[in-house]
1. Could you list, in sequence order, all residues of segment 185-198 that are basic (Lys, Arg) and open to solvent by less than 30 Å² (accessible area, probe 1.4 Å)?
2. Show me the strands (runs of 3 or more DSSP E) entirely contained within segment 27-92 in which 1 or more residues are open to solvent by less than 30 Å² (accessible area, probe 1.4 Å), in contact with a helix residue (DSSP H, G or I) (Cβ under 7 Å, 6 or more places away or on another chain) and polar (S, T, N, Q).
3. Considering 214, 177, which residue is over 18 Å from residue 75 (Cα atoms), out of contact with any Cys (no Cβ under 8 Å at 6 or more places or on another chain) and of a type outside the set (A, V, I, L, M, F, W, C)?
4. Name every residue in segment 199-221 that is in a helix (DSSP H, G or I) and open to solvent by 10 Å² or more (accessible area, probe 1.4 Å), in order of residue number.
5. Could you say which residue among 225, 177 is at pLDDT 95 or above and loosely packed, with under 15 Cβ neighbours inside 10 Å?
6. Are there any pairs, at least 6 apart or on different chains, whose C-beta atoms fall under 6 Å, with the first in segment 93-108 and open to solvent by 10 Å² or more (accessible area, probe 1.4 Å) and the second of a type in the set (Val, Ile, Thr), and if so, which?
7. How many residues are closer than 16 Å to residue 205 by Cα and among the polar types (S, T, N, Q) if we restrict to segment 24-54?
8. Restricting to segment 143-183, what's the tally of residues that are over 26 Å from residue 48 (Cβ atoms) and assigned to a helix (DSSP H, G or I)?
Amino acid sequence: MVFAAERGAGGDAVLVGALPLPAGQWFGAHEHPQHQLAWAARGVLGVTVGDDTWVLPTTRALWIPAGTVHRTGAPRDTVFHSLYMDPTRCPLDWSTPVAVGVGTLLAQLLAHLGRADLAPDARRRAEGVVFDLLRPLPNTPITVPEPVDDRARAVAALLLDDPADSRTLEALARAVGTSRRTLSRLFVQDTGMSFDLWRTRLRLRAALPLLADGRPVAHAARAVGYATPSAFLAAFRRAIGTTPRHYLHNADPRSPGTPGAIPADDRTDGPAPPSPHPG
């Protein structure tokens, strides 16, 4: 990975890096002393902070405040771009992770800032425009708390491995050597959610990378255990409050253009160098 900082950008407010990530690669939990903007120029990026997960197609990026412990990875083959912003020179003061829209102009500016031969004055001008274009979007993360009890964790592991697993709560309880009633209580106790709601959110989180990668709604629905696309869309609306298309691709209308295409089928749902962890 080549960073602007390593090419002599020195004290620039914005340091840019780019890294190809193969499908399934994740950086372990880490933090940066800089603010970070994580974006996929190609593919799909995932960012997890605590129990919250953001799935980011090319039309979205995530602002990660300095000092925020997070994991970053690629559900699909991805080109990961990262901006590292000196908190002492950054005009934004967002204290929690924030999703932002990425239109054509912002995408081109990110590539522009990655140039090694960019003159200092040109860099400062481009940085100012980048900050102007970072506008928050109403993108709620998918929250899937991890159970604590060993029996509930064992069930969670089974469903993480296969979100389409259709076994009932009673059958899953038998599989881990406990009762339906106990397992139900453990999920509420450990996650603050009923088992059914927890499983729904797990399935929706598993479906988002497929949708962001352009897979049809019907394919994503089947892959995570829904019999029909309409059942999946209804569950998504109930849990998230909007449609998958709106969740993934509703970019800021003031941000011109979009670097990524909306899947056609989805229309049917109506300054030191960065740490050793670039993610």
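1. Selection gives nothing.
2. It comes to 52-56.
3. 177
4. Those that are in a helix (DSSP H, G or I) and open to solvent by 10 Å² or more (accessible area, probe 1.4 Å): 199, 200, 201, 203, 205, 206, 209, 210, 212, 218, 219.
5. Of 225, 177, the one residue that is at pLDDT 95 or above and loosely packed, with under 15 Cβ neighbours inside 10 Å is 177.
6. Partner pairs satisfying both residue conditions: 97/49; 97/64.
7. Total meeting the criteria: 2.
8. The qualifying residues number 8.
The values are calculated or read from the model by the stated rules, or taken from the named source; none is laboratory data. Because the structure is predicted, anything quoted here is derived from the model rather than measured. Here Cβ is always computed from backbone atoms with ideal geometry, including for glycine, and neighbour counts include all displayed protein chains. Remember, those area values only see protein heavy atoms, side chains included, never the ligands or the DNA or RNA. Shrake-Rupley method; radii C 1.70, N 1.55, O 1.52, S 1.80 Å.
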